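The values are calculated or read from the model by the stated rules, or taken from the named source; none is laboratory data. Quick caveat, the model's predicted, so the values are computed rather than measured. Heads up, the Cβs are rebuilt from the backbone with ideal geometry, glycines too, and the neighbour counts pull from every protein chain shown.
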Amino acid sequence: MGDVRHRALRHHSEGIFLCERIFGASITNSEGREVPVRFVGEQHVVEDLGRIPSASEWLQEMAIKPWMGPRSRLEMSIQDLTEAAQPRQDSRRLSRQLKEPHDGLKANPKRARKDCQKVPSQHPKL
């Protein structure tokens, strides 16, 4: 028998609203009829579970494990704190790159203005 815990992720009232948000208010079925997405989601959940629970009903039934919460200060090692305080190598390189001129635009502002004038405006004329 398969594990049914995957249903906790979307088989509830909030999951049905998410389904409607992703697929839109209605879809067209194979017969060409427009069908409300909410109706399809509700029907599916009722067929699977017998009713439409809320997300909180699913969560109330889950056992809380220590890894689900924040780590206590006692569990954090000195190494964890030191690593968290150090800027990553990527951020240092990015910071250095942002300070350097790019494509000569900073070094030659007249060229930058000319290049910008060549690009057609995306805004509609009023």
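Tabulated values for the structure
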{"quantity": "So E42, is it among the acidic types (D, E), at pLDDT 95 or above and surrounded by fewer than 12 Cβ atoms within 10 Å (Cβ to Cβ)", "calculated": "no"}
{"quantity": "Criterion: at pLDDT below 65 and either exposed (fewer than 10 other Cβ atoms within 10 Å of the Cβ) or on the phi > 0 side of the Ramachandran plot (or both) - qualifying residue of E31, E100, E47", "calculated": "E100"}
